[in-house]
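Beneath this line is the structure, given in structure tokens, with notes to follow.
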Amino acid sequence: MAKPRALLVEDDPGVRSTLTELLQHAGFEADAVGSAAEARRHVAHQAPDLAVLDLVLPDADGVTLLSDLRTGSPELRAIMVTGHTDPRSIVAAMRGGALDYLSKPVDPEVFMRLCRSAVADTTASSSATACEALVGGSPWTVRMKETVERLARSRPTGALVSGEPGVGKTHLARVLHATTGRGAHPCLVYACGDSANPSVDLFGAAASADAGLTTAVQVGTLILDDVEKLDARLQERLTNWIASRAEASGGMPLVVGLTTGMRRDAPLLDWLGRVALGIPPLRERSADIEPLARHFLAQSAATLGRPFEGFTRGAVHRLVGHVWPGNVRELALAVAQAAQTMPGGALQADHFLAADRGAPGPAWAPAGEPRPLREIADAYIDHVIGLCGGNKTRAAKILGVARETLRIRLTARQTPA
């Protein structure tokens, strides 16, 4: 069977090279160009099955380019990649026909899964692929796979996913999107605590032609990260919107709320909570650590083009022995960081942080003499920033705080942000 063909349009040479390798690893014949003009010339001679477009190009915007490409290939499927998270840009991309969008830097696993899903022949195959994305062998993971398969048959219109920062709430929400028959429709992620005007982001402005995310989602999925941060009035408006969609013809979107567990009495949370999915921290499902680590190492192998051979027994012992306060996200970063330092082969124990179950821990671990909580917290913040290679945006995500909150904390310590 011939491989599907993908066209990547990305002006940054480094990003273009990485995404091309990921497309090839995902099973595509991949062609890559750096401008809209090159993309138009390419499509005139070779029509792709999938287009992956940067939203901002030197000679056009991705939405306009997609419209041009679909003029000659109306069935062309597309995914947008963007360094911008402005909801208006996302809405424009979705209304222009994009199936999904990803923010830079892209998550390799999510990118490859979305690309495969975009060209999947059947809902069943897409659903099976999505279930395989739940990696691990713990009792929780086994039960969650069974739950997802059951929800795929019932096609819910709402769910509430709870868990600590970094456990994989967005990942599970995207799995629900793919398995409930919505994989061919938009999947939009909205950070409820990061905007000064979430009402406009979600519903648009009355005095403007700009539509909100609720318009763009159509019959796809709207993922509301930190849903409890929406005020009661906006939660009520969302609940009314969901009710109005239930009475309309043409299918229902899936609305998934993500929360760290801080519930507030509100109709929206009560409605979403009818399908409540809790994700335990990684320290409570240690049987998932080694399979997840191997999964992330395979991603690094694909991205870096290096022949890794897994982990030594000592490395596995060290990984399983760590408590992973940043959960799955911290594990993924640790494996990626270790892989960057190796040309290939098996990763060893000394490539990772010291185990901290019953052993001397890192600087932030409260061993020995009692220490002030602020001092321990500051040490752990430094530890996470180090894991992220100094990238404070990624560190803030692991810590479960806004980037601005982290900046203020570092500034208060007289440390440059």
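Kindly work out what percent of the DSSP beta bridges joining two residues of the chain are antiparallel, to the nearest 5.
Values: 1 of 39 bridges.
Expressed as a percentage, antiparallel bridges in the chain total about 5.
In the set [x] 23.6; [y] 21.7; [z] 22.7, the label that goes with Kirkwood radius over Cα pairs in Å computed for this structure is [z]. Measuring between alpha carbons in the structure, the pairs from Lys3/Lys104; Lys169/Lys229; Lys229/Lys392 lying more than 20 angstrom apart are Lys3/Lys104; Lys229/Lys392.
When exposed loop sites are taken as trypsin sites (Lys or Arg not before Pro) in a DSSP loop with at most 15 other Cβ atoms within 10 Å, the longest stretch of the chain clear of them is 1-262. For Leu277, the residues whose modelled amide H falls within less than 5 Å of its own, excluding neighbours fewer than 5 places apart on the same chain, are Leu160, Val161, Ser162. Distant-in-sequence amide contacts of Leu102, defined by a placed amide H-H separation under 5 Å and a gap of 5 or more residues or a different chain, comprise Met80, Val81, Thr82.
From the helices alone, meaning DSSP H stretches of at least four residues, give me the mean residue ellipticity at 222 nm for the chain, per-run term -39500 (n - 2.57), in deg cm²/dmol to the nearest 500. Display every interim value, and only then the final one.
On the way: 18 runs with 195 residues, N = 417.
So the calculated ellipticity at 222 nm is -14000 deg cm²/dmol.
Counting alpha carbon pairs within less than 8 Å and at least 6 residues apart, what relative contact order, in whole percent, applies to segment 139-255? Could the numbers behind the result be given before it?
Values: 126 pairs, mean separation 32.7, N = 117.
Averaging sequence separation for qualifying contacts and normalising by length gives 28 percent for segment 139-255.
At R0 = 30 Å, how high is the FRET efficiency between Glu284 and Ser244 if r is their beta carbon distance? Nearest 0.05 is fine. Can you show the working numbers first?
Working: r = 40 Å, r/R0 = 1.33.
For R0 = 30 Å, the calculated efficiency reads 0.15.
Look at the Cα gyration tensor of segment 1-107: its axes a ≥ b ≥ c give a/c under 1.5, and that counts as rounded.
The separation of segment 141-210 from segment 294-358, counted between C-alpha centres, amounts to 29 Å. Classify segment 138-193 as rounded, prolate or oblate from the Cα gyration tensor: take a ≥ b ≥ c as the square roots of its eigenvalues, call it rounded if a/c is under 1.5, otherwise prolate when a/b beats b/c and oblate if not. Oblate, since a/c reaches 1.5 and b/c is not below a/b. Our coupling estimate for segment 215-227, obtained by passing each phi through the Karplus curve with A = 6.51, B = -1.76, C = 1.60 and θ = phi - 60°, is 6, 5, 5, 6, 10, x, 10, 10, 9, 9, 6, 6, 4 Hz, Gly and Pro reported as x. Among Leu66, Leu277, Leu406, which one shows the biggest mean-square fluctuation in a GNM of the chain, springs joining Cα atoms closer than 10 Å? Highest fluctuation among the options: Leu406.
Laboratory data are not the source of any read-out in this text; all were calculated from the coordinates shown. Keep in mind that this is a model prediction, so the values were computed, not measured. Note that we place each Cβ from the backbone using ideal geometry, even for glycine, and neighbour counts take in every protein chain shown.
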